[in-house]
1. Using only the alpha-carbon atoms of the range 38-81, report the extent along each of the three principal axes, biggest first, to the nearest angstrom.
2. Dipole size in debye (nearest 20) for the chain around its Cα centre, Lys and Arg Cβ +1, Asp and Glu Cβ -1?
3. Which of the listed residues, ILE75, GLN13, ASN44, is farthest toward the dipole's positive end in the chain, when Lys, Arg count +1 and Asp, Glu count -1 at the beta-carbon?
4. Considering only DSSP states other than H, G, I, E and B, which trypsin sites (Lys or Arg not before Pro) in the chain qualify as loop sites with at most 15 other Cβ atoms within 10 Å?
5. Rounded to two decimal places and with Rh computed the Kirkwood way over Cα pairs, what is Rg over Rh for the chain?
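Just so you know, all these numbers are worked out from the coordinates, no wet-lab data involved. The shown structure was predicted, so the numbers you read here are calculated from the model rather than taken from an experiment. In this analysis, Cβ positions are derived from the backbone assuming ideal geometry, glycine residues included, and neighbour counts consider all displayed protein chains.
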Amino acid sequence: MLAIHQVHRKLAQIVHMNLDQNGNLIVGNLELQLILKLLRENHNLVYKLDGLKELAFMAHEIGDMEWQMDLCAKIEELEARMI
């Protein structure tokens, strides 16, 4: 199953609601502010998830299974909220 985070669903909804008949995206200041907020949320999500995955790989490389398992639990918790 492909997980779609709420941030991505909201971005898709904004785009869907603001397409003209030719498929061009027309956004006003309000929509632009919403998009910018969602892009910041997306950045934070990706940055956090990638950071945890990098640390989990490092823990694996140095053989620290306890640390790796802790990081994997955090990754799974974050990914579980992506639906």
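1. Answer, in whole Å and largest first: 37, 17, 8 Å.
2. 480
3. GLN13
4. ARG81
5. My calculation of the ratio gives 1.18.
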